[in-house]
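Please read the structure below before turning to the comments.
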């Protein structure tokens, strides 16, 4: 009987720990979206999907899409980017943010969202969005200091990241031959982290 009790207690403890431990940055980002959902508007858990990840030194950027339910309207389509850090107990969310809008993005070929993160140790900027035009193969971001960055479309999304605080002044969708087929001028910098 004693062994059965120890076994059941161990099983319960492991089950509880599996809710806290995240062995991949992708799983930790999904948990962050679902955890944040409880505090605000409910997230449809079946809609949560990781679109892409990018290693950044010891950290990993994770781009997550999901739908958020509204009581009186159609659901929102959301895109959030998290900077994940490895800790002793697994991966945890650091900085991040994103936004939500109508499903389909109002008919635009690509969405543009941007943000910046500052800490005592570092600063970084990012531009993210969903790509709705299947002819767009990559996205080119022109930053306010003149730097131009081209990133591929991955799973219908893009993620441009750089060190330092900078704002995008133009975001263009390019086809497979690097020809511009859509341009969005002067995207607005997102005001910090929004919680889903």
Could you work out the relative contact order of the range 40-196? I mean the mean sequence separation of Cα pairs under 8 Å and 6+ apart, divided by the number of residues, in percent. 19
Arranged by the count of other C-beta atoms within 10 angstrom, fewest first, what order do 103, 136 take? 103, 136
Restricting to Cα pairs below 8 Å that are 6+ residues apart, what does the relative contact order work out to for the range 86-164? Please round to a whole percent. 25
What shape does the range 56-196 take by its C-alpha gyration tensor, where a ≥ b ≥ c are the square roots of the eigenvalues and a/c under 1.5 counts as rounded, a/b above b/c as prolate, and the rest as oblate? oblate
What is the distance in Å between the Cα centres of the range 44-84 and the range 129-155? 18
Contour minus end-to-end for residue 165 and residue 69, with contour as 0.36 nm per residue of separation and end-to-end as the Cα-Cα distance? 31.3 nm
Report, for the range 19-103, the % of DSSP beta bridges that are antiparallel, rounded to 5. 95
Rel. contact order, % - alpha carbon contacts under 8 angstrom, at least six apart, the range 19-103: 29
Cα gyration tensor, the range 19-103 - rounded (a/c under 1.5), prolate or oblate: prolate
Viscosity 1.567 mPa s, temperature 4 °C: Stokes-Einstein D of the range 109-189 from its Kirkwood Cα radius, in µm² per second? 103
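Any read-out appearing in this document is the output of simple, stated calculations on the displayed coordinates, not a laboratory observation. The structure displayed is predicted, hence computed values, not measured ones. No Cβ is skipped: glycine too gets one built from the backbone with ideal geometry, and neighbour counts run over all protein chains shown.
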